[in-house]
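Shown next, in structure tokens, is the structure this report addresses.
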Amino acid sequence: MKVLVVNAGSSSLKYQLIDTDTKNTLAKGLIERIGIDGTKLKQEVNGDKYEFEHPMKDHVVASQFMLDALTDENHGVLSNMDEIAAVGHRVVHGGEKFTQSVIIDDEVIEAIKENIPLGPLHNPANLMGIMACQEVMPNTPMVAVFDTAFHQTMPPKAFLYGVPMDYYERLHVRRYGFHGTSHRYVSARAAEFLGKDINNLRIITCHLGNGSSIAAIHNGKSVDTSMGLTPLEGVLMGTRCGSLDPAVVQYIMNNDGISVDEVLEIFNKKSGLLGVSGVSSDMRDIDAAAESGNENALVAQQILDMGIKKYIGSYAAVMGGVDVIVFTAGIGENSIELRERVMEGMSFLGAAIDKEKNKVRGKEADISADDSKVKVVVIPTNEELAIARDAFELVKNL
Ligand code: ADP
């Protein structure tokens with residue numbers, strides 16, 4: 001079955017056409033600057049790169065261009081858009097309403113709208129993508145796959161914050177967690193790869209990219225995760241600060257005379273690796289700068305390493321041990337050095353890596369030392385494939 005996976009941002013549309021039988025990506029594209037000057041579509045099919053610039057005033061027009069590109073005689077992969085059996089949409093915030101992926105109907109659209117206050121940066125854009133696709137593909141079933149859904153199995157002791165219960169009951173303030181599709185995919189894949197039953201494993205998944213989160217997965221269920229009400233909490237990220245004392249907000253506001261929105265903007269966009277190092281939000285630049293003696297880049301690296309170690313230690317404590325540690329996403333899959341630093345001194349947990357086996361980038365590998373009780377693995381994430389599979393499962397019997 002051919003499933004189109006769509007990830008809509010406020011001015012962008014990322015898409016992949018996936019064959020769920022072979023798991024192959026048939027086409028991959030990105031439309032940028034929708035509604036702004038210089039709208040560009042880039043598509044790649046089997047190494048053939050197709051690119052053009054054309055004004056696209058909104059997501060509906062952009063979706064039509066996406067279909068035109070997919071069915072283009074010279075650069076496309078489909079002879080007809082009816083070959084698309086379903087569209088899987090990435091939706092960031094499903095609140096408490098969605099514990100798994102669903103077929104989109106009016107009620108689902110309403111519920112995604114209701115969750116806009118929880119995901120103000122993402123849900124409106126995800127909705128635009130859904131409605132645009134519905135308009136240009138009115139007969140194709142659409143499925144919503146939520147970043148938060150996998151973490152809905154967390155118990156109250158993990159998802160409640162220590163504030164008056166009224167804030168949970170009235171405003172739904174709680175930990176939701178994100179990257180759920182990735183944590184679910186890599187944990188299942190790790191169990192498969194190791195030939196073990198996920199229902200009998202304590203797994204810690206470290207999704208380390210521009211945004212990073214770590215999850216504790218006990219017998220296939222998420223029992224805790226580092227991101228919270230929003231994706232700001234947890235370990236140090238590219239431009240996000242991660243966890244800090246909330247009183248820092250007031251302290252900065254009072255001293256610098258700036259608003260809470262300005263402080264949050266700084267915590268979201270100017271902090272993290274970028275803010276600490278003053279060099280870049282990109283791990284490769286941080287590594288290069290640290291290597292050449294930049295002390296702020298070095299300490300940025302160390303804050304991240306220590307943060308990951310602390311989550312691994314605490315999640316092992318919460319689950320009564322750990323059987324598998326998974327590294328994934330841009331940094332987790334590629335940074336041999338970070339994996340080595342994070343896993344150093346972890347033998348008290350029964351976890352050690354083999355430095356030679358650790359010399360891999362971007363492919364599935366068991367990097368554990370022979371005598372390590374804990375399996376340490378690299379599993380490239382594939383959120384698009386997970387979304388396509390969910391869509392397939394939901395629409396196959398329609
Ligand atoms: P996103 O969260 O935007 O999907 P990715 O998962 O692609 O991001 O991760 C991007 C991060 O991965 C960047 O910080 C980048 O520097 C890092 N990265 C990619 N390749 C390497 C590498 N070889 N070594 C270290 N970091 C890497």
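The values are calculated or read from the model by the stated rules, or taken from the named source; none is laboratory data. Remember, it's a predicted structure, so these values are computed and weren't measured experimentally. Neighbour counts run over all protein chains shown; Cβ positions are idealised from the backbone, glycine included.
Taking every residue in the range 327-345 that is closer than 15 Å to Ala300 by Cα and among the aliphatic types (A, V, I, L, M) and pairing it with any residue that is more than 8 Å from the ligand (Cβ to nearest atom) and assigned to a helix (DSSP H, G or I), at least 6 positions away or on another chain, the pairs with Cβ-Cβ distances below 6 Å are Val342/Asp305; Val342/Ile308; Val342/Lys309. Select from the range 299-317 the residues that are hydrophobic (A, V, I, L, M, F, W, C) and in contact with a helix residue (DSSP H, G or I) (Cβ under 8 Å, 6 or more places away or on another chain) and list them in ascending order. Selection gives Val299, Ala300, Ile303, Leu304, Ile308, Ile312, Ala316.
Scanning the range 224-245 for residues that are out of contact with any helix residue (DSSP H, G or I) (no Cβ under 7 Å at 6 or more places or on another chain) and among the β-branched types (Val, Ile, Thr) yields one hit, Thr230. State yes or no: is Ser271 closer than 19 Å to Thr181 by Cβ and either in contact with a helix residue (DSSP H, G or I) (Cβ under 9 Å, 6 or more places away or on another chain) or within 16 Å of the ligand (Cβ to nearest atom) (or both)? Judged against the criteria, Ser271 is not a match. Within the range 187-206, not a single residue is within 13 Å of the ligand (Cβ to nearest atom), of a type in the set (A, V, I, L, M) and surrounded by 24 or more Cβ atoms within 10 Å (Cβ to Cβ). Of Val360, Val376, Val318, all but one fail to be more than 21 Å from Lys23 (Cα to Cα), crowded, with 24+ Cβ neighbours inside 10 Å and at pLDDT 95 or above; the exception is Val376. When the range 14-57 is filtered for residues that are out of contact with any strand residue (DSSP E or B) (no Cβ under 9 Å at 6 or more places or on another chain) and either of a type in the set (Gly, Ala, Ser) or surrounded by 13 or more Cβ atoms within 10 Å (Cβ to Cβ) (or both), the ones remaining, listed by number, are Gly35, Gly47. Counting only helices (runs of 4 or more DSSP H) that fall entirely inside the range 256-302 and contain at least 2 residues that are more than 21 Å from Ser243 (Cβ to Cβ) and in contact (Cβ under 8 Å) with a residue 12 or more places away in the chain, the qualifying elements are 283-291. Taking the range 321-363 as the range and being assigned to a helix (DSSP H, G or I) and charged (D, E, K, R) as the test, the residues that pass are Glu333, Glu337, Arg339, Glu340, Arg341. Does any residue of the range 290-310 turn out to be within 13 Å of the ligand (Cβ to nearest atom), crowded, with 17+ Cβ neighbours inside 10 Å and either more than 25 Å from the chain's Cα centre (by Cα) or at pLDDT below 95 (or both)? Looking for residues that are within 13 Å of the ligand (Cβ to nearest atom), crowded, with 17+ Cβ neighbours inside 10 Å and either more than 25 Å from the chain's Cα centre (by Cα) or at pLDDT below 95 (or both), one finds at least one in the range 290-310, hence yes. Return the residue satisfying two criteria in turn: it lies in the range 214-239 and is in contact with an Asp or Glu (Cβ under 8 Å, 6 or more places away or on another chain) and either of a type in the set (Ser, Thr, Tyr) or within 14 Å of the ligand (Cβ to nearest atom) (or both), and of such residues it is farthest from Asp147 (Cα to Cα). Checking each candidate, the answer is Gly238.
Considering (1) touching a strand residue (DSSP E or B) at 6+ places or on another chain (Cβ under 6 Å); (2) within 16 Å of the ligand (Cβ to nearest atom), the lone condition that Gly211 does not fulfil carries the number (1). Counting only strands (runs of 3 or more DSSP E) that sit completely within the range 1-65, those holding 3 or more residues that are under 21 Å from Ala391 (Cα atoms) and not β-branched (Val, Ile, Thr) correspond to 2-8, 13-19, 24-32.
Of all residues in the range 210-230, how many are over 18 Å from Leu244 (Cβ atoms) and either part of a strand (DSSP E or B) or without any contact (Cβ under 8 Å) to a residue 24 or more places away in the chain (or both)? Number satisfying all stated conditions: 9. Take the range 332-357 and flag every residue that is farther than 19 Å from Met306 by Cβ and not charged (D, E, K, R). Correct list: Asn334, Gly350. Gly242 fulfils the conditions (1) on the phi < 0 side of the Ramachandran plot; (2) outside any helix (DSSP H, G or I); (3) touching an Asp or Glu at 6+ places or on another chain (Cβ under 8 Å) except for a single criterion, (1). Against the conditions (1) within 16 Å of the ligand (Cβ to nearest atom); (2) surrounded by fewer than 20 Cβ atoms within 10 Å (Cβ to Cβ), Ile266 satisfies every one except (1). Taken over the range 318-340, the criterion of being within 12 Å of the ligand (Cβ to nearest atom) and either in contact with a helix residue (DSSP H, G or I) (Cβ under 9 Å, 6 or more places away or on another chain) or under 13 Å from Ile204 (Cα atoms) (or both) is satisfied by Phe327, Thr328, Ala329, Gly330, Ile331, Gly332, Asn334, Ser335, Glu337, Leu338, Arg339.
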